[in-house]
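The values are calculated or read from the model by the stated rules, or taken from the named source; none is laboratory data. Keep in mind that this is a model prediction, so the values were computed, not measured. Cβ coordinates were reconstructed from backbone atoms using ideal geometry, including for glycine residues, and neighbour counts include every protein chain displayed.
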4 protein chains.
Amino acid sequence: MIRVAIIGASGYTGAESIKIILQHSRAKLTYLTAIPAECGAVEDVFPQFRGRCDLRIEPLELGKLAELADVALCCLPHKVSMEFVPKLLNAGLKVIDFSADYRLKDASVYEKFYAVKHTDPDNLARAAFGLPELFREQIADADLVANPGCFPTGASLAIAPLLEEGLIEPDSIIVNSVTGASGAGKNPSVKFHFPNMNENLFAYGIGTHRHMPEMEQIASEIAGTEVRILFQPHVGSFDRGILSTVYSQPKEDISAERLLELYHDFYSSEPFVQVRREAPGLKDVVGTNYCHVFPTVVKGRVVCFSVIDNLVKGASGQAVQNMNILFGLKENLGLQ
Amino acid sequence: MIRVAIIGASGYTGAESIKIILQHSRAKLTYLTAIPAECGAVEDVFPQFRGRCDLRIEPLELGKLAELADVALCCLPHKVSMEFVPKLLNAGLKVIDFSADYRLKDASVYEKFYAVKHTDPDNLARAAFGLPELFREQIADADLVANPGCFPTGASLAIAPLLEEGLIEPDSIIVNSVTGASGAGKNPSVKFHFPNMNENLFAYGIGTHRHMPEMEQIASEIAGTEVRILFQPHVGSFDRGILSTVYSQPKEDISAERLLELYHDFYSSEPFVQVRREAPGLKDVVGTNYCHVFPTVVKGRVVCFSVIDNLVKGASGQAVQNMNILFGLKENLGLQ
Amino acid sequence: MIRVAIIGASGYTGAESIKIILQHSRAKLTYLTAIPAECGAVEDVFPQFRGRCDLRIEPLELGKLAELADVALCCLPHKVSMEFVPKLLNAGLKVIDFSADYRLKDASVYEKFYAVKHTDPDNLARAAFGLPELFREQIADADLVANPGCFPTGASLAIAPLLEEGLIEPDSIIVNSVTGASGAGKNPSVKFHFPNMNENLFAYGIGTHRHMPEMEQIASEIAGTEVRILFQPHVGSFDRGILSTVYSQPKEDISAERLLELYHDFYSSEPFVQVRREAPGLKDVVGTNYCHVFPTVVKGRVVCFSVIDNLVKGASGQAVQNMNILFGLKENLGLQ
Amino acid sequence: MIRVAIIGASGYTGAESIKIILQHSRAKLTYLTAIPAECGAVEDVFPQFRGRCDLRIEPLELGKLAELADVALCCLPHKVSMEFVPKLLNAGLKVIDFSADYRLKDASVYEKFYAVKHTDPDNLARAAFGLPELFREQIADADLVANPGCFPTGASLAIAPLLEEGLIEPDSIIVNSVTGASGAGKNPSVKFHFPNMNENLFAYGIGTHRHMPEMEQIASEIAGTEVRILFQPHVGSFDRGILSTVYSQPKEDISAERLLELYHDFYSSEPFVQVRREAPGLKDVVGTNYCHVFPTVVKGRVVCFSVIDNLVKGASGQAVQNMNILFGLKENLGLQ
């Protein structure tokens, strides 16, 4: 039985991680931590776990952590995470980190987009990028996995086959995404106040969203050449899910049927990626770790649609998928 | 042209009042005020008014108010309002107050439910209760109108015919209401954070909601005897509207057809109350100043359904209806 | 491994049953049936099961059923079900029936509310009523379980402790419920067309809802005396969940604290009923088999709130809970 | 007083047109028609008009129409409209047609996308295209106005300044739009059944949407050269509004500030187009005839955001704007 600690258990990805591990046949929750203001019995912090989990969320003690857990799902925010991850590793745990702190291999890009100096470059260099469908072999031997961002997960799976085959112009990609409001986290704000957000839809992070360089890093690594991506996120009045519509220019004419074949081949052995023959909807994947993709051709351009649940495949589910790999389990164990 | 000031124009009822007055053929906005932190061009505070209103929201100056306006729609919160209303009256304006401060005729009840001493008992005694369908004659001559609460408006219209006819047991009334989230106002909070409120529904104010004594006061006045009401509000994941389901025990058997006749007669000359023959839905009234009611009999009990838009008939629309009465205009002018 | 057939697998309760059984460690899906027009690969009928279930939904063949399955979850509609259940039983299976056909012990009440003659009175007489928290001992030995209606489940759990203790007047109960739109099933209609249902809320089934006699039967059995209930359902603009607010008149004064104790005692060993100390929300239970209840006292009346997921505790989850009992498994196996 | 007939009054654009004309100070409804199955008192067809409109919706009689009305808002569906419009014109009315039948100047394009022969080429040739901000001068003298599609309205206003100035590559435009579900009309369907549509989002009309050639026609006319547009619509779980995110490649580098100046100049005298300095949201325009646009530059590409209410500026509001022009009234009369 894998003993799992969740660091920063009081937020949405913490809750989703608790939910998933509670259903996992080979892993169990042993230690949940948060800042003191957000500690308490799990069932008080999250009423949906009443009767389902009798743990408490406690302030982190490293000695206790070392004793109680084999792996930490580290759900801390950006910048905070890199203060704690070295300690978690030193305590002897494997770590799957949900923040952006170990995703961007070029610390200068990190520092530009996150406006803070990177304080843990050694672990940054060693961290595996936890998108199993694209970088599975790196993950198996790692002790630190950088769990990808939600938008980069959906967008990268939508275009990876094109990039690996070198079929599209590397500076032609536009990723237009719409996410549910859970992506904003649990802190109340004017924008996400129900009477403002409900029945609404708007763009944000125009030209500045931090997932843009992450997408470019992934895409460039797959393509073996520098790829530039224009990423535009929007937020809509629903809880969960990301729909990405990805436009790109093929180098040569390609047919929709050829694209479908290519995608089927590329993902044929992937448990969590399903290639569709029509446009997928959010409800096809919400609550699951699946990504549905549909590639096609419109007026000579390639248009790919992908949907994921931002809290599952975009966060906690993918983390458990990575955990399964780290511990040599079947990759989809405990995931639906 | 009636010159209208809105005091506390930066909240939801302020915005709704602006919207209505902008369409009013005999009234115009002349002065909008708020606390300094919420001042600015209307189009910056409320982007939906870009191109529709070129006023600024400014800190209140009483001299300016006296000079610019004939009537004040006072959208201040409870407790704050009674500090300002005497000044507005002294400035020579008629005042329609949206707060609870002038609704409860018994100051001791006010002080119990609002936990503060009433500081303006003289005006409290003089204020008319602004529910025109039930107290129209008091309103016409008033210079201060207490605009009713949203829940009391819908619930009182649902049962007034029963009470006036003395048909129901005066201690048997249960008002079960569900309101949209705009009722909570514009300040972000954990409960109304979109990912919490969306797809959710819960009760609140159990046994303590401040609209309960207001309902009892209205009902007792209509019935001419003391009426006790059990009022239970809930909030659902929609923007606007209140559905009240009101249960009561008739003194003697009554038929559904007889009830419908009674209601038709009672409301036959009311422009804004429509008696239905089937259950009304929120969408039948949202965006309008109408109240739809449907009374019927189930297993010997009277069950009445009523729907209103909490921001229109439950607040700003009713205020304009009162304003029309105060100034001798057709009661539904500028209202839809 | 229990081999599970789902009869009528193409609707919402069919899909929810598939989802739950896929996660069950001691049961597996072996046979899925529907009318010919709704047959096909599960992943085509329900895209959310792509990669998760490779069965087909097929027209029912009784020989195949007898060979392949130990238990049938019968998700057929009212009236259709009683044609098939005898055949399923004759095929040697245990049956958990989701329809109303085996719930009402008095066939004349059934015939009045469902406007059709009951054609299987023998099995009706033998069927256990599958609300485990109240009738567990009857279920264990049954071969036919009538899975309760969604509204009766939530409402009955809300008031069972009061009824068993004889604390309330048996003709004073009012059940005011709001359900999500999935309760209406998957067939498109004018009322549930998105632009009509969204941001809407309305009552239906006024005085005629078929769950009213079912509630009365349960309540009367618990109370040991005839209980009359006024049940009023409403439907709101959300997918899942039922909130019931249940009003009743205590025979003698009772305190809120005493009520909480009573409920805690009554449900102390129940895995799926949680007694809360504040109003529960739908989101506390959606996606789970739990029922959260909160009893309190307002102005001398008892008011109880209960929330369930109508498709889980109100349908498929409760069916699996019953299946676990039938097969001697831990009652909450495979349920969250 | 302009006497207005609405032909096809029983759908969503009919209802929105009724609502707007009811508030118009210089126009009044005189005749409402629909197919027999959808006739009846307005207040029965649309409960929201109880007490607001006492007309009946009747089967169309041309003699009555000629006698009663000066202008027809023709809300019939595509293909049906061109059978009726010649008759409406012959009856001596001005006609504003909501369908696509008079929008595409090249009948062969119409026939390709609508799969039917055009039967009224003469009136097609004479019809003005009713997007006042771009083609105002043509409208004033017309007796037949083709009211634009909802998507083309929002998208065209988003890029018109770029096209007129010749700043972007004419084959580089991608229009990514998300509409609310009211765009699908009032007929129930599987896709728009509430439990399917709610909390969902998906693409449709991939490569085939009929608004694509309409956008290209408008854009080509403004640019004075052939423009090709890749248009991809999506539908989300909200009632009203369209957000279009429009990507294009500038011929030469251009700054965001320069773009804002250009747009401010272009739309400086337009009452209904507001140039924003940040991303607009649907709630900034829903319920109004306004279009908010925000142009900016990201990574060398021009990205423009526009929002409209699909039923107002995208349909009935724009029709009334056109009606005001046809009758020499102030263009924004009766519109908010």
Entirely in segment C:1-97, the strands (runs of 3 or more DSSP E) that have 2 or more residues that are away from chain A (no Cβ under 14 Å) and over 22 Å from the mean Cα position of the chain (by Cα): C:27-33, C:56-58
Helices (runs of 4 or more DSSP H) fully within segment A:136-244 counting 2 or more residues that are away from chain D (no Cβ under 13 Å): A:150-164, A:211-223
One residue from A:Asp106, A:Asp143, A:Asp101 being touching a Leu at 6+ places or on another chain (Cβ under 9 Å) and surrounded by fewer than 20 Cβ atoms within 10 Å (Cβ to Cβ): A:Asp143
Single unsatisfied condition, A:Gly207 versus (1) at pLDDT 95 or above; (2) on the phi > 0 side of the Ramachandran plot: (1)
Scope segment B:269-283; condition within 9 Å of chain C (Cβ to nearest Cβ) and surrounded by fewer than 23 Cβ atoms within 10 Å (Cβ to Cβ); matching residues: B:Glu278, B:Ala279
Out of B:Leu311, B:Leu262, sole residue that is in contact with an Asp or Glu (Cβ under 8 Å, 6 or more places away or on another chain), of a type outside the set (S, T, N, Q), more than 10 Å from chain C (Cβ to nearest Cβ) and under 27 Å from C:Thr208 (Cα atoms): B:Leu262
Exclusive hit being over 30 Å from A:Asn332 (Cα atoms), crowded, with 20+ Cβ neighbours inside 10 Å and not acidic (Asp, Glu), set C:Val85, C:Val80, C:Val42, C:Val71: C:Val85
Filter pass, C:Glu216 being surrounded by fewer than 20 Cβ atoms within 10 Å (Cβ to Cβ), in contact with a Phe, Trp or Tyr (Cβ under 9 Å, 6 or more places away or on another chain), at negative phi and of a type in the set (Asp, Glu): no
Among the candidates A:Thr288, A:Thr296, residue that is β-branched (Val, Ile, Thr) and within 11 Å of chain D (Cβ to nearest Cβ): A:Thr296
Residues within segment B:173-190 that are more than 19 Å from C:Gln232 (Cβ to Cβ) and in contact (Cβ under 8 Å) with a residue 24 or more places away in the chain, tallied: 7
Cβ pairs under 9 Å, 6+ apart, first in segment D:45-66 and at positive phi, second part of a helix (DSSP H, G or I) and charged (D, E, K, R): D:Gly51/D:Glu43
Lone qualifier among D:Phe266, D:Phe238 - being modelled with pLDDT of 95 or more, farther than 21 Å from D:Ser99 by Cα and surrounded by fewer than 24 Cβ atoms within 10 Å (Cβ to Cβ): D:Phe266
Some residue of segment B:164-172 being of a type outside the set (Lys, Arg), surrounded by fewer than 24 Cβ atoms within 10 Å (Cβ to Cβ), in contact with a Phe, Trp or Tyr (Cβ under 8 Å, 6 or more places away or on another chain) and without any contact (Cβ under 8 Å) to a residue 60 or more places away in the chain: no
Matching entry among B:Val246, B:Val235 (being touching a helix residue (DSSP H, G or I) at 6+ places or on another chain (Cβ under 8 Å), among the β-branched types (Val, Ile, Thr) and free of Cβ contacts under 8 Å to residues at least 60 places away in the same chain): B:Val235
Of all residues making up segment C:111-126, the number that are closer than 15 Å to C:Glu83 by Cα and not in a helix (DSSP H, G or I): 5
Some residue of segment B:317-334 being in contact with a Phe, Trp or Tyr (Cβ under 8 Å, 6 or more places away or on another chain) and of a type in the set (Val, Ile, Thr): no
Conditions (1) within 11 Å of chain A (Cβ to nearest Cβ); (2) on the phi < 0 side of the Ramachandran plot; (3) under 16 Å from the mean Cα position of the chain (by Cα): number failed by D:Arg301: (3)
Qualifying strands (runs of 3 or more DSSP E) (wholly inside segment A:245-322; at least 2 residues being under 30 Å from B:Pro195 (Cβ atoms) and of a type in the set (A, V, I, L, M, F, W, C)): A:291-298, A:301-308
